[in-house]
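Peer 1: Sharing a structure with you now.
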Amino acid sequence: MTSLDSEAAQTLRREIHKFYWGVWSELGVSGWGRTHEDWAIDPEPLIVFSPSVIASEPRLRDEVIDWCSDNWRHVSAVRLRHLLNGNENEETDAWGQFAATVNRSSGAAKWPRATTERKFARTGRSSLRPLSERSMIFLRMRSIFGLSARTEVLRYLLFTGERSTAAMLAAQTNYAKRNVAEACESLVQAGVLQSTQIGNRLYFSLVDGEALSAFLGPSAHIRPDWPVLLRVVNAVFSWTQLEKTSNDRVVTVETHRVFNGIRGDLNALRLEAPDHVVGSQFMPIWRNWSVMLMRSLAAGDLALTQSAAPSTEITESHPR
Amino acid sequence: MLDMDVQREALEEALATLGAVLQEQRTPYELLAVGGSGLLLLGLINRPTGDLDVIALLQRGVFEKLESLPEPLQVAADQVGEALGLDDRWLNTGPSSLMDLGLPRGLEHRLVTRQYGGLCLHLPSREDQICFKLHAAVDRGPDDKHYEDLKILEPTRDELIIGARWTVTHDISEGFRQMLKECLASLGVEVSDDELG
């Protein structure tokens, strides 16, 4: 048996595809059953991180393109661009083709870094799930406040309960700092936000989060930092591609490299990391850990993978 | 001998892993390695060594001094180091200044070559290692590991004199020459200035 173990690789690919199916189904992509009803879906990270994974799952790929072709108006091209800038691993041929296909199929979307579209026929099966559902809280907020930095600022401050500077908010919302600063200023003028000067920094927080929450209606309880979570998922997916590498030593080195690349993300997500022992002894630990994590993510069940943490849910991470 | 086997096994594993990565990336390298690890690989010493000193890259049949590792090699070495829990500088170009004033004459004909996938390692022979160790032992003094390594190599008088003649081409100062004589004397070899050339 090679250190990669093709059975483990197949299991991981299957579970990761199931995870993407489950999350996309919450947005309204035609799929089987529902596993992520209590997850608040953030569309732009999902769109940016999907192509490199769903390229090997043609039915999901086509349904996702179908959904995006119909619903591109709910998606921020600015956030897509910022997310691509910050996650260069996702700016692949798969992304370029995916964006080009959506742009062509929608007839109006102008998603960034598009290359050459693939042949695509609309399936017509996917639709937008009602925005009143818990998992659609982020899209519901956009319908109320508009597709802008303003909405993302409110979302971040509401669901983290923290105060943040414009720079911190820009990093977390994937909008330009100038746009975020303008949004914060107008929200302060409206009495929705308050600002506090600490040292030479200006921090923003909600004046009445409970009132905003009550106004918005039901929300999903699991609100991960989506770009961070999807970086972890896609890193594990990329590891399964090592199946083509025959040398066990190379697989071992690559496995450590993949793990080292996501250990900070695991910490940020408060996900339990595997014991990092040196050399090839890490291989069975990594296999077991990654299969367990992807199975629980695919099932929409995080209880199996969360480490002891102050919070009982994965929340967006940021400095206090 | 168990410690020596364990040490050598660990070093061989690191080099085999690095060679496999370089081969996978199709970025092969041919390097000239000196120092304790070179002696360990040749089975000439048994002290623990945490790093491998490489001083030159073989390009178009010529050894060229390595000021630093080429980027693909450095990246691969870092990845292997992380995977195997090695020191950050487990592969380094520390003593590459040895190349500045020339290697012992005929060294290239006495090299021992080891192939690890995409990594070809050239190791100086015992007599050339004596030259390097003698230079380092004089430079660092009798309390240093290099002096101990030199003693373990059990050099003959002729080998030490050949080594001494090479070292004085690298440091022409009178002070070095005096310390060289003292070092040789401590190894039981008395030499005249004429013998040092």
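Peer 1: Can you tell me which residue among B:GLY118, B:GLY163 is touching a strand residue (DSSP E or B) at 6+ places or on another chain (Cβ under 9 Å) and either within 23 Å of B:LEU15 (Cα to Cα) or of a type outside the set (Phe, Trp, Tyr) (or both)?
Peer 2: Unique residue meeting the criteria: B:GLY118.
Peer 1: It is to be established whether one or more residues within the range A:59-71 are closer than 27 Å to A:ARG155 by Cα, surrounded by fewer than 21 Cβ atoms within 10 Å (Cβ to Cβ) and not assigned by TED's automatic domain parsing to the domain that holds A:LEU147.
Peer 2: Yes, there is a match, as at least one residue in the range A:59-71 is closer than 27 Å to A:ARG155 by Cα, surrounded by fewer than 21 Cβ atoms within 10 Å (Cβ to Cβ) and not assigned by TED's automatic domain parsing to the domain that holds A:LEU147.
Peer 1: Evaluate the following for A:SER296: is it more than 10 Å from chain B (Cβ to nearest Cβ) and crowded, with 20+ Cβ neighbours inside 10 Å?
Peer 2: Answer is no for this residue.
Peer 1: Say we look at the range B:1-11 and pick out the residues that are away from chain A (no Cβ under 14 Å) and part of a helix (DSSP H, G or I); which of these is modelled with the lowest pLDDT?
Peer 2: B:LEU2
Peer 1: So B:PRO104 fits all but one of (1) under 24 Å from B:GLU64 (Cβ atoms); (2) part of a helix (DSSP H, G or I); (3) of a type outside the set (Gly, Ala, Ser); what number is the exception?
Peer 2: The failed condition is (2).
Peer 1: Being part of a helix (DSSP H, G or I) and away from chain B (no Cβ under 14 Å) is the filter; apply it to the range A:265-284 and report the residue that is nearest to B:VAL21 (Cα to Cα).
Peer 2: A:PRO284
Peer 1: While we're looking at this one, here's another question. If you go through the range A:302-311 one residue at a time, do you hit one that is over 22 Å from A:ALA9 (Cα atoms), surrounded by fewer than 20 Cβ atoms within 10 Å (Cβ to Cβ) and modelled with pLDDT of 95 or more?
Peer 2: Among the residues of the range A:302-311, not one is over 22 Å from A:ALA9 (Cα atoms), surrounded by fewer than 20 Cβ atoms within 10 Å (Cβ to Cβ) and modelled with pLDDT of 95 or more, which makes the answer no.
Peer 1: Right, next: So if I check each of A:ARG34, A:ARG104, A:ARG14, which one is surrounded by fewer than 19 Cβ atoms within 10 Å (Cβ to Cβ) and modelled with pLDDT under 95?
Peer 2: After applying the criteria, what remains is A:ARG34.
Peer 1: Also: Inside the range B:13-53, can you point out the residues that are free of Cβ contacts under 8 Å to residues at least 60 places away in the same chain and either within 14 Å of chain A (Cβ to nearest Cβ) or of a type in the set (A, V, I, L, M) (or both)?
Peer 2: B:LEU40, B:LEU52
Peer 1: For residues that are free of Cβ contacts under 8 Å to residues at least 40 places away in the same chain and at the interface with chain B (Cβ under 9 Å from one of its Cβ atoms), scanning just the range A:243-254, find the one that is surrounded by the fewest Cβ atoms within 10 Å (Cβ to Cβ).
Peer 2: A:ASN247
Peer 1: Give the residues of the range B:127-155 that are among the β-branched types (Val, Ile, Thr) and either modelled with pLDDT of 95 or more or in contact with a Gly (Cβ under 9 Å, 6 or more places away or on another chain) (or both), sorted by residue number.
Peer 2: B:ILE130
Peer 1: Quick one: which helices (runs of 4 or more DSSP H) lie wholly within the range A:75-172 and hold at least 2 residues that are among the aromatic types (Phe, Trp, Tyr)?
Peer 2: Filter on the range A:75-172 gives A:93-106, A:137-145, A:149-160.
Peer 1: Restricted to the range B:126-144, and to residues that are crowded, with 16+ Cβ neighbours inside 10 Å and out of contact with any helix residue (DSSP H, G or I) (no Cβ under 7 Å at 6 or more places or on another chain), which residue is farthest from B:ASP171 (Cα to Cα)?
Peer 2: Result: B:ARG126.
Peer 1: Could you list, in sequence order, all residues of the range B:81-98 that are buried (at least 18 other Cβ atoms within 10 Å of the Cβ) and touching a strand residue (DSSP E or B) at 6+ places or on another chain (Cβ under 8 Å)?
Peer 2: B:GLY81, B:TRP90, B:LEU91, B:ASN92, B:THR93, B:SER96, B:LEU98 - these are the residues of the range B:81-98 that are buried (at least 18 other Cβ atoms within 10 Å of the Cβ) and touching a strand residue (DSSP E or B) at 6+ places or on another chain (Cβ under 8 Å).
Peer 1: Same structure, new question: Filter the range A:199-242 for residues that are among the polar types (S, T, N, Q) and either under 17 Å from A:VAL53 (Cα atoms) or touching a residue at least 12 places away in the same chain (Cβ under 8 Å) (or both) and give the result.
Peer 2: A:SER205, A:SER213, A:SER219, A:ASN234, A:SER238, A:THR240, A:GLN241
Peer 1: Test A:LEU193 against the criterion of being of a type in the set (A, V, I, L, M), in contact (Cβ under 8 Å) with a residue 60 or more places away in the chain and more than 11 Å from chain B (Cβ to nearest Cβ), and give yes or no.
Peer 2: Judged against the criteria, A:LEU193 is not a match.
Peer 1: Looking at A:ARG257, A:ARG287 in this structure, which one is assigned to a helix (DSSP H, G or I), at the interface with another protein chain (Cβ under 9 Å from one of its Cβ atoms) and over 18 Å from the mean Cα position of the chain (by Cα)?
Peer 2: The conditions single out A:ARG257.
Peer 1: A follow-up question, please. Given B:ALA33, B:ALA20, B:ALA14, which one is surrounded by 17 or more Cβ atoms within 10 Å (Cβ to Cβ), among the small types (Gly, Ala, Ser) and assigned to a strand (DSSP E or B)?
Peer 2: Matching residue, one of B:ALA33, B:ALA20, B:ALA14: B:ALA33.
Peer 1: Starting from the range B:148-171, take each residue that is over 13 Å from B:ARG105 (Cα atoms) and list its partners that are basic (Lys, Arg) and surrounded by 14 or more Cβ atoms within 10 Å (Cβ to Cβ), counting only C-beta distances under 7 angstrom and pairs at least six apart or across chains.
Peer 2: B:ASP149/B:LYS133; B:LEU150/B:LYS133; B:LEU153/B:ARG126; B:LEU153/B:LYS133; B:VAL168/B:ARG177
Peer 1: Separate question: Go over the candidates A:ALA8, A:ALA109, A:ALA77, A:ALA40 one by one and state the one that is surrounded by fewer than 18 Cβ atoms within 10 Å (Cβ to Cβ) and in contact (Cβ under 8 Å) with a residue 24 or more places away in the chain.
Peer 2: Of the residues listed, the single one that is surrounded by fewer than 18 Cβ atoms within 10 Å (Cβ to Cβ) and in contact (Cβ under 8 Å) with a residue 24 or more places away in the chain is A:ALA77.
Peer 1: Which of the residues that make up the range B:163-197 are surrounded by 15 or more Cβ atoms within 10 Å (Cβ to Cβ), over 17 Å from the mean Cα position of the chain (by Cα) and not in a loop (DSSP other than H, G, I, E, B)?
Peer 2: Once the filter is applied, which keeps residues that are surrounded by 15 or more Cβ atoms within 10 Å (Cβ to Cβ), over 17 Å from the mean Cα position of the chain (by Cα) and not in a loop (DSSP other than H, G, I, E, B), the range B:163-197 yields B:ARG165, B:VAL168, B:PHE176, B:ARG177, B:MET179, B:LEU180, B:LYS181, B:CYS183, B:LEU184, B:LEU196.
Peer 1: So which of A:ALA167, A:ALA176, A:ALA183 ends up being over 30 Å from A:ASP62 (Cα atoms) and in contact (Cβ under 8 Å) with a residue 60 or more places away in the chain?
Peer 2: A:ALA176
Peer 1: Let me ask something additional. Taking only the range A:229-242 into account, find how many residues are within 14 Å of chain B (Cβ to nearest Cβ) and surrounded by fewer than 23 Cβ atoms within 10 Å (Cβ to Cβ).
Peer 2: The number of residues fulfilling the criteria is 2.
The values are calculated or read from the model by the stated rules, or taken from the named source; none is laboratory data. Note that this is a predicted model, so its numbers are computed, not measured. All Cβ positions, glycine included, derive from the backbone under ideal geometry; neighbour counts span all protein chains shown.
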